[in-house]
Amino acid sequence: MDEANEAQLRGSGRSVQDFSPFCEGDVEPRLNKKINVLIDSTSDYIVYLDEEFYVEWAYSRLPGESPAGFDNVANQIGHLETLSITQLTKAQREPFARLLGEAMARVIGGGKEEEAMAVLEKAGAYLSARGLENARLWYLKGAGKVAAVSLVIAVGLLAVRSRIANPQLLDALAILAGTMMGGIGAFLSISGRAESIRLDPVAGERIHRIEGMVRVAVGLLGALFLALAIKANLILGLSQTWPHPLLALLIFCIVAGATERLVPGLIKNTESSLSRERKRL
(Lines give C-alpha, C1' and ligand atoms only; values in the text may rest on other atoms or scores of the structure.)
Protein backbone atom coordinates (compact mmCIF):
# COMPACT_ATOMS: atom_id res chain seq x y z
CA MET A 1 0.00 0.00 0.00
CA ASP A 2 1.48 3.34 -1.02
CA GLU A 3 1.84 6.26 1.36
CA ALA A 4 -1.11 8.22 -0.13
CA ASN A 5 -3.59 5.36 0.40
CA GLU A 6 -2.22 4.71 3.85
CA ALA A 7 -2.72 8.40 4.76
CA GLN A 8 -6.32 8.29 3.55
CA LEU A 9 -7.03 5.24 5.69
CA ARG A 10 -5.52 6.96 8.72
CA GLY A 11 -7.55 10.13 8.15
CA SER A 12 -6.36 13.70 8.54
CA GLY A 13 -6.69 13.94 12.31
CA ARG A 14 -3.59 13.72 14.49
CA SER A 15 -3.20 12.57 18.05
CA VAL A 16 -2.27 15.25 20.57
CA GLN A 17 -0.42 14.74 23.83
CA ASP A 18 -0.61 18.32 25.11
CA PHE A 19 -3.59 20.60 24.40
CA SER A 20 -2.39 23.56 26.48
CA PRO A 21 -0.57 25.47 23.68
CA PHE A 22 -3.69 25.85 21.50
CA CYS A 23 -5.32 29.29 21.35
CA GLU A 24 -8.35 30.84 19.65
CA GLY A 25 -7.84 30.93 15.89
CA ASP A 26 -5.79 27.73 15.84
CA VAL A 27 -6.92 24.51 14.19
CA GLU A 28 -7.29 21.74 16.72
CA PRO A 29 -5.48 18.82 14.99
CA ARG A 30 -7.47 15.96 16.46
CA LEU A 31 -10.80 17.08 14.92
CA ASN A 32 -9.43 19.56 12.36
CA LYS A 33 -11.80 22.23 13.68
CA LYS A 34 -10.92 25.88 14.02
CA ILE A 35 -11.02 27.09 17.61
CA ASN A 36 -13.42 30.02 17.48
CA VAL A 37 -14.01 30.36 21.23
CA LEU A 38 -11.75 28.56 23.69
CA ILE A 39 -13.73 27.40 26.73
CA ASP A 40 -11.04 25.52 28.66
CA SER A 41 -7.84 23.62 28.02
CA THR A 42 -5.07 21.84 29.89
CA SER A 43 -2.41 19.43 28.78
CA ASP A 44 -4.99 16.61 29.00
CA TYR A 45 -8.07 18.07 27.30
CA ILE A 46 -9.57 20.96 25.37
CA VAL A 47 -13.13 22.26 25.07
CA TYR A 48 -13.97 24.92 22.49
CA LEU A 49 -16.59 26.26 20.09
CA ASP A 50 -16.03 25.89 16.37
CA GLU A 51 -16.84 28.49 13.73
CA GLU A 52 -20.54 27.56 13.75
CA PHE A 53 -20.68 27.70 17.57
CA TYR A 54 -20.96 23.99 18.14
CA VAL A 55 -19.23 22.50 21.16
CA GLU A 56 -16.14 20.44 20.37
CA TRP A 57 -13.86 18.62 22.77
CA ALA A 58 -10.90 16.26 22.79
CA TYR A 59 -8.86 14.61 25.52
CA SER A 60 -5.80 12.39 25.69
CA ARG A 61 -7.23 9.62 27.87
CA LEU A 62 -7.23 6.07 26.54
CA PRO A 63 -10.50 4.55 25.20
CA GLY A 64 -12.70 3.43 28.06
CA GLU A 65 -11.27 6.05 30.39
CA SER A 66 -14.03 8.63 29.93
CA PRO A 67 -14.69 10.83 32.97
CA ALA A 68 -17.57 9.89 35.26
CA GLY A 69 -20.85 11.23 33.89
CA PHE A 70 -19.30 12.08 30.51
CA ASP A 71 -21.79 10.06 28.45
CA ASN A 72 -24.85 11.67 30.08
CA VAL A 73 -23.46 15.17 29.68
CA ALA A 74 -22.41 14.56 26.06
CA ASN A 75 -25.85 13.16 25.19
CA GLN A 76 -27.62 16.13 26.77
CA ILE A 77 -25.35 18.58 24.93
CA GLY A 78 -26.13 16.85 21.64
CA HIS A 79 -29.85 16.95 22.41
CA LEU A 80 -29.86 20.66 23.24
CA GLU A 81 -27.72 21.53 20.21
CA THR A 82 -30.17 19.68 17.94
CA LEU A 83 -33.16 21.53 19.40
CA SER A 84 -31.39 24.88 19.05
CA ILE A 85 -30.84 24.59 15.29
CA THR A 86 -34.33 25.85 14.41
CA GLN A 87 -34.85 28.06 17.46
CA LEU A 88 -31.89 30.40 17.91
CA THR A 89 -30.49 33.19 15.79
CA LYS A 90 -26.78 33.36 15.08
CA ALA A 91 -26.31 36.07 17.72
CA GLN A 92 -28.05 33.92 20.33
CA ARG A 93 -26.04 30.80 19.61
CA GLU A 94 -22.78 31.98 21.19
CA PRO A 95 -24.01 32.51 24.79
CA PHE A 96 -26.00 29.27 24.54
CA ALA A 97 -22.99 27.34 23.21
CA ARG A 98 -20.75 28.81 25.92
CA LEU A 99 -23.03 27.28 28.55
CA LEU A 100 -22.88 23.91 26.82
CA GLY A 101 -19.11 24.16 26.57
CA GLU A 102 -18.83 25.07 30.24
CA ALA A 103 -20.82 21.96 31.16
CA MET A 104 -18.48 19.74 29.15
CA ALA A 105 -15.44 21.45 30.66
CA ARG A 106 -16.81 20.74 34.14
CA VAL A 107 -17.16 17.01 33.55
CA ILE A 108 -13.94 16.53 31.56
CA GLY A 109 -11.98 18.66 34.00
CA GLY A 110 -12.78 16.35 36.88
CA GLY A 111 -15.87 18.07 38.24
CA LYS A 112 -19.02 16.29 39.34
CA GLU A 113 -21.71 15.31 36.89
CA GLU A 114 -24.24 17.26 38.99
CA GLU A 115 -22.31 20.48 38.40
CA ALA A 116 -22.33 19.94 34.64
CA MET A 117 -26.03 19.09 34.65
CA ALA A 118 -26.80 22.26 36.60
CA VAL A 119 -25.12 24.29 33.86
CA LEU A 120 -27.08 22.36 31.22
CA GLU A 121 -30.31 23.23 33.02
CA LYS A 122 -29.41 26.90 32.66
CA ALA A 123 -28.68 26.31 28.97
CA GLY A 124 -32.05 24.60 28.56
CA ALA A 125 -33.83 27.50 30.26
CA TYR A 126 -32.01 29.98 28.00
CA LEU A 127 -33.01 27.95 24.92
CA SER A 128 -36.66 27.80 25.99
CA ALA A 129 -36.87 31.54 26.71
CA ARG A 130 -35.11 32.70 23.53
CA GLY A 131 -36.89 30.11 21.40
CA LEU A 132 -40.30 31.27 22.59
CA GLU A 133 -39.36 34.91 22.01
CA ASN A 134 -38.24 34.12 18.47
CA ALA A 135 -41.39 32.08 17.77
CA ARG A 136 -43.58 35.01 18.81
CA LEU A 137 -41.54 37.36 16.65
CA TRP A 138 -41.78 35.07 13.63
CA TYR A 139 -45.54 34.70 14.15
CA LEU A 140 -46.03 38.46 14.41
CA LYS A 141 -43.84 39.09 11.37
CA GLY A 142 -45.91 36.72 9.26
CA ALA A 143 -49.17 38.26 10.47
CA GLY A 144 -47.84 41.82 10.21
CA LYS A 145 -46.73 41.36 6.62
CA VAL A 146 -50.21 40.34 5.48
CA ALA A 147 -51.86 43.03 7.64
CA ALA A 148 -49.60 45.75 6.17
CA VAL A 149 -50.46 44.67 2.63
CA SER A 150 -54.15 44.63 3.59
CA LEU A 151 -53.93 48.19 4.93
CA VAL A 152 -52.24 49.47 1.78
CA ILE A 153 -54.86 47.81 -0.41
CA ALA A 154 -57.69 49.19 1.75
CA VAL A 155 -56.34 52.73 1.45
CA GLY A 156 -56.01 52.32 -2.31
CA LEU A 157 -59.57 51.01 -2.62
CA LEU A 158 -60.94 53.89 -0.57
CA ALA A 159 -59.01 56.38 -2.69
CA VAL A 160 -60.44 54.87 -5.88
CA ARG A 161 -63.93 54.78 -4.36
CA SER A 162 -63.87 58.52 -3.69
CA ARG A 163 -63.68 59.15 -7.45
CA ILE A 164 -66.53 56.85 -8.52
CA ALA A 165 -70.28 57.53 -8.67
CA ASN A 166 -71.62 54.14 -9.80
CA PRO A 167 -73.65 52.77 -6.79
CA GLN A 168 -72.95 49.09 -7.52
CA LEU A 169 -69.23 49.72 -7.90
CA LEU A 170 -69.26 51.80 -4.72
CA ASP A 171 -70.78 48.87 -2.83
CA ALA A 172 -68.24 46.44 -4.29
CA LEU A 173 -65.31 48.66 -3.31
CA ALA A 174 -66.76 49.16 0.17
CA ILE A 175 -67.00 45.39 0.63
CA LEU A 176 -63.41 44.88 -0.57
CA ALA A 177 -62.11 47.68 1.65
CA GLY A 178 -63.98 46.21 4.61
CA THR A 179 -62.46 42.82 3.85
CA MET A 180 -58.95 44.31 3.94
CA MET A 181 -59.68 45.98 7.28
CA GLY A 182 -60.40 42.52 8.67
CA GLY A 183 -56.66 41.86 8.34
CA ILE A 184 -55.96 44.87 10.59
CA GLY A 185 -58.41 43.52 13.16
CA ALA A 186 -56.78 40.09 13.07
CA PHE A 187 -53.32 41.59 13.59
CA LEU A 188 -54.54 43.70 16.52
CA SER A 189 -56.03 40.57 18.07
CA ILE A 190 -52.79 38.62 17.60
CA SER A 191 -50.67 41.45 19.02
CA GLY A 192 -52.89 41.79 22.09
CA ARG A 193 -52.68 38.15 23.05
CA ALA A 194 -49.27 37.16 21.65
CA GLU A 195 -48.07 35.86 25.01
CA SER A 196 -51.03 33.49 25.38
CA ILE A 197 -50.80 31.96 21.89
CA ARG A 198 -49.42 28.43 22.04
CA LEU A 199 -46.30 28.16 19.90
CA ASP A 200 -43.73 25.45 19.26
CA PRO A 201 -40.31 27.08 18.74
CA VAL A 202 -38.81 23.79 17.51
CA ALA A 203 -41.00 24.05 14.39
CA GLY A 204 -38.81 26.91 13.20
CA GLU A 205 -39.32 30.26 11.53
CA ARG A 206 -41.10 29.24 8.33
CA ILE A 207 -44.04 27.45 9.95
CA HIS A 208 -44.62 30.28 12.43
CA ARG A 209 -44.66 32.88 9.66
CA ILE A 210 -47.17 30.77 7.73
CA GLU A 211 -49.36 30.35 10.82
CA GLY A 212 -49.39 34.11 11.38
CA MET A 213 -50.31 34.74 7.75
CA VAL A 214 -53.10 32.15 7.86
CA ARG A 215 -54.55 33.71 11.02
CA VAL A 216 -54.78 37.10 9.27
CA ALA A 217 -56.25 35.42 6.17
CA VAL A 218 -59.00 33.96 8.38
CA GLY A 219 -59.67 37.49 9.64
CA LEU A 220 -59.98 38.69 6.05
CA LEU A 221 -62.53 35.98 5.26
CA GLY A 222 -64.50 36.81 8.40
CA ALA A 223 -64.60 40.48 7.46
CA LEU A 224 -65.71 39.59 3.93
CA PHE A 225 -68.59 37.50 5.27
CA LEU A 226 -69.68 40.31 7.60
CA ALA A 227 -69.42 42.99 4.89
CA LEU A 228 -71.56 40.90 2.53
CA ALA A 229 -74.08 40.24 5.30
CA ILE A 230 -74.35 43.95 6.10
CA LYS A 231 -74.75 44.93 2.46
CA ALA A 232 -77.40 42.25 2.03
CA ASN A 233 -79.23 43.57 5.12
CA LEU A 234 -79.01 40.13 6.74
CA ILE A 235 -77.72 41.78 9.90
CA LEU A 236 -77.65 45.34 11.17
CA GLY A 237 -80.58 46.21 8.91
CA LEU A 238 -80.38 49.87 9.86
CA SER A 239 -76.90 50.22 8.35
CA GLN A 240 -78.14 52.38 5.50
CA THR A 241 -79.53 54.93 7.96
CA TRP A 242 -76.25 55.41 9.79
CA PRO A 243 -74.67 58.89 9.46
CA HIS A 244 -71.46 57.35 8.09
CA PRO A 245 -72.30 53.87 6.74
CA LEU A 246 -68.88 53.30 5.15
CA LEU A 247 -66.99 54.08 8.37
CA ALA A 248 -69.40 51.88 10.33
CA LEU A 249 -68.84 49.06 7.85
CA LEU A 250 -65.05 49.36 8.19
CA ILE A 251 -65.25 49.35 11.98
CA PHE A 252 -67.47 46.26 12.05
CA CYS A 253 -65.09 44.52 9.65
CA ILE A 254 -62.13 45.28 11.93
CA VAL A 255 -64.11 43.76 14.80
CA ALA A 256 -64.95 40.72 12.67
CA GLY A 257 -61.26 40.18 11.91
CA ALA A 258 -60.30 40.52 15.56
CA THR A 259 -63.10 38.42 17.04
CA GLU A 260 -62.91 34.74 16.24
CA ARG A 261 -66.39 34.03 17.61
CA LEU A 262 -68.31 36.74 15.76
CA VAL A 263 -68.41 35.22 12.28
CA PRO A 264 -69.12 31.61 13.44
CA GLY A 265 -71.99 33.07 15.49
CA LEU A 266 -73.33 34.90 12.45
CA ILE A 267 -73.09 31.75 10.35
CA LYS A 268 -75.06 29.83 12.99
CA ASN A 269 -77.72 32.53 13.10
CA THR A 270 -77.95 32.51 9.31
CA GLU A 271 -78.34 28.73 9.26
CA SER A 272 -81.08 28.97 11.90
CA SER A 273 -82.91 31.61 9.87
CA LEU A 274 -82.71 29.50 6.73
CA SER A 275 -84.00 26.45 8.62
CA ARG A 276 -86.99 28.42 9.90
CA GLU A 277 -87.76 29.67 6.39
CA ARG A 278 -87.70 26.12 5.03
CA LYS A 279 -90.10 24.93 7.71
CA ARG A 280 -92.52 27.69 6.82
CA LEU A 281 -92.40 26.69 3.19
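The values are calculated or read from the model by the stated rules, or taken from the named source; none is laboratory data. No experiment lies behind these values; they were computed from the predicted model shown. Positions of Cβ are backbone-derived with ideal geometry, glycine not excepted, and every protein chain shown enters the neighbour counts. The accessibility values were calculated without ligands, DNA or RNA, using every heavy atom of the protein model including side chains. Shrake-Rupley method; radii C 1.70, N 1.55, O 1.52, S 1.80 Å.
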**Prompt:** Can you tell me the accessible area per residue over the range 51-169, all protein chains present, probe 1.4 angstrom, in square angstrom?
**Reply:** 54
**Prompt:** Taking a temperature of 4 °C and a viscosity of 1.567 mPa s, what whole-number D in µm²/s does Stokes-Einstein yield for the range 152-205 with Rh from Kirkwood over alpha carbon pairs?
**Reply:** 96
**Complete:** In the neighbourhood of Gly111 defined by beta carbon distances under 13 Å, the net charge of the other residues (Lys, Arg +1; Asp, Glu -1) is -3
**Prompt:** Quick one: how many Å² of Glu121 are accessible to a 1.4 Å probe, rounded to 10?
**Reply:** 140
